[in-house]
Amino acid sequence: MKTTLKYSRREAHEVCFGGVKIGGGNPIVVQSMTNTPTADVELSVAQTKRIAEAGAEIVRLTAQGKKEGEALAPIMQRLHTEGVKAAIVADIHFTPEIAMIAAEAVDKVRINPGNFRTSNGELQRLIEICRRRGVALRIGVNHGSLAKRIFDEYGDTPEGMVASAMEFLQMCREADFHDVVVSMKSSNTRVMVHAYRLLVEAMEREGMTYPLHLGVTEAGNGIEGRIKSGVGIGALLADGIGDTLRVSLTEDPENEVPVGRIIVDYFAKREGEFEVDNIDAYSPTSFCPRTTAKPIIHSEITSEYAVIEATSMNPTHEWRAAILNREDCTPVVLRRRYEESNKERVAIYAAIDMGQLLIDGLADGVWIDAPALSDKEIEDIELMLLQASRLRFSRTEYIACPSCGRTLYDIQSTLAKIKERTSHLKDLKIGVMGCIVNGPGEMADADYGYVGSSPEHITLYRGREIVERNIHQSEALDHLIEIIKRDGRWHDPK
């Protein structure tokens with residue numbers, strides 16, 4: 001039986017808040033998040049305006065405590081007075097009481113099921129405030145901060161993330177409250193993609209049509225961060241999954257918006273239908289590699305690899321159909337030509353086009369034709385793409401949060417310094433996290449962690465284990481390097 005692969009959006013019901021419409025066939029919405037202290041109304045208003053002017057339709061602010069929660073009302077008043085059209089979201093992690101305060105002021109509230117109790121009516125009280133004021137709710141599941149009872153049963157797995165989300169969605173449905181958006185974020189692109197796909201399957205079984213917010217957490221900065229975001233977000237959008245997105249970069253938040261817009265706009269031209277005879281050979285919710293071949297870049301291709309070039313406006317489905325229709329298990333290299341002269345765009349486009357096939361184990365290599373770029377630039381992009389897809393680690397990976405109002409030090413300059421002194425290391429993952437909210441959990445894949453513990457003080461981790469606490473930032477990087485050296489994982493730059 002033949003199956004036709006084509007680009008079409010998943011059906012989701014419409015959720016409206018603050019003048020923005022998500023789902024219901026509406027265009028995909030791009031958003032970002034401030035990194036100013038939310039209690040500082042002036043700074044927060046100014047940055048929210050800059051983010052909105054950059055093109056974000058939704059702006060999120062953290063509200064980790066009472067003073068931040070109470071600052072939301074004057075922030076909203078100022079934004080309305082100054083004509084800022086973006087919808088405003090409050091981000092709540094540890095304190096459900098602050099969610100109640102925020103819901104009285106903003107357009108939407110994001111809660112983390114891992115930190116929000118369900119046994120004492122807190123969610124029901126929040127829903128009633130949201131219903132009364134026309135406020136939407138985001139159930140924001142994070143891979144690194146699942147509730148203990150969920151973690152004990154499932155571990156930090158995509159299945160555990162789905163169980164966490166579905167528990168809260170069932171409660172929302174029981175309360176007849178449907179102005180809900182869901183996210184399933186992780187810094188691991190494979191975990192992130194599989195979690196969203198599993199959630200879609202679970203919601204379909206229950207007849208749920210909630211819209212989805214996409215994002216790869218702690219993607220880092222520069223071309224590397226853009227590629228990682230393109231791989232994860234693009235893999236889902238290619239199959240029509242996703243109604244709003246945020247590209248999380250360790251840069252000024254205004255920089256996230258144009259990257260998100262590039263991703264959204266790239267799918268506006270996704271055309272073409274391709275028939276597949278053996279769709280059952282494809283498993284969208286697990287990593288099932290076709291071969292045991294070494295993941296390669298184009299300069300390493302040998303005769304044992306088959307090169308498949310995609311030329312249509314829907315390269316992801318073109319490749320998927322071609323690979324699934326093959327009767328042999330020859331390793332496959334994905335090839336595509338990009339005429340753009342802008343390195344950022346070439347990197348993002350290639351990540352979107354090729355990432356899904358790599359994450360799913362259908363392809364074994366990449367070949368980017370980009371005449372406007374140098375051979376070194378192309379090779380860097382190809383290696384970053386394989387690394388972002390979790391296939392081949394050729395350089396240090398930085399799991400770095402984008403910073404927000406909770407960040408306890410200057411994370412952008414710190415990440416630059418850490419990269420300067422450690423980027424020559426191979427097969428090493430370093431988490432650079434602004435605070436403890438997501439830090440220890442979201443960097444679960446990291447070998448070492450550099451986490452803000454109090455203003456200008458850092459706690460260092462080896463995996464999930466604390467090695468040194470509350471070191472002043474001026475000394476923390478030296479201490480981190482000493483730990484790496486003691487572990488025998490350091491070598492001097494060549």
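Details
- Residue selection: Ala54 satisfies the criterion of being of a type in the set (Gly, Ala, Ser), surrounded by fewer than 22 Cβ atoms within 10 Å (Cβ to Cβ) and under 23 Å from the mean Cα position of the chain (by Cα).
- Flag for Tyr349 being closer than 22 Å to Asp239 by Cβ and not β-branched (Val, Ile, Thr): yes
- A count restricted to the range 277-311 and to residues that are farther than 13 Å from Asp353 by Cβ and under 27 Å from the mean Cα position of the chain (by Cα) stands at 13.
- Screening the range 269-356 for strands (runs of 3 or more DSSP E) wholly inside it with 3 or more residues that are charged (D, E, K, R) and outside the structural domain of Ile233 (by TED's automatic domain parsing) returns the ranges 332-337.
- Residue within the range 16-38 that is in a loop (DSSP other than H, G, I, E, B), more than 18 Å from Leu212 (Cβ to Cβ) and out of contact with any helix residue (DSSP H, G or I) (no Cβ under 8 Å at 6 or more places or on another chain) present: yes
- Top-ranked residue of the range 312-323 - restricted to ones that are without any contact (Cβ under 8 Å) to a residue 60 or more places away in the chain and either at positive phi or within 28 Å of the chain's Cα centre (by Cα) (or both), ranked as surrounded by the fewest Cβ atoms within 10 Å (Cβ to Cβ): Met313
- Candidate set from the range 68-84 (those that are of a type in the set (A, V, I, L, M, F, W, C) and part of a helix (DSSP H, G or I)); member that is surrounded by the fewest Cβ atoms within 10 Å (Cβ to Cβ): Ala73
- All of (1) without any contact (Cβ under 8 Å) to a residue 40 or more places away in the chain; (2) in contact with a Leu (Cβ under 7 Å, 6 or more places away or on another chain); (3) among the acidic types (Asp, Glu) hold for Asp91 with one exception: (1).
- Counting only strands (runs of 3 or more DSSP E) that fall entirely inside the range 136-235 and contain at least 3 residues that are at pLDDT 95 or above and farther than 28 Å from Met354 by Cβ, the qualifying elements are 136-142.
- Test: residue in the range 441-449 that is at pLDDT 85 or above, more than 28 Å from Glu344 (Cα to Cα) and assigned to a helix (DSSP H, G or I): no
- The set of residues in the range 1-36 being within 28 Å of Gln47 (Cα to Cα) and free of Cβ contacts under 8 Å to residues at least 60 places away in the same chain consists of Lys21 alone.
The values are calculated or read from the model by the stated rules, or taken from the named source; none is laboratory data. These numbers come from a predicted model, not from an experiment. Reconstructed Cβ throughout: ideal geometry from the backbone, glycine too, with neighbour counts over all protein chains shown.
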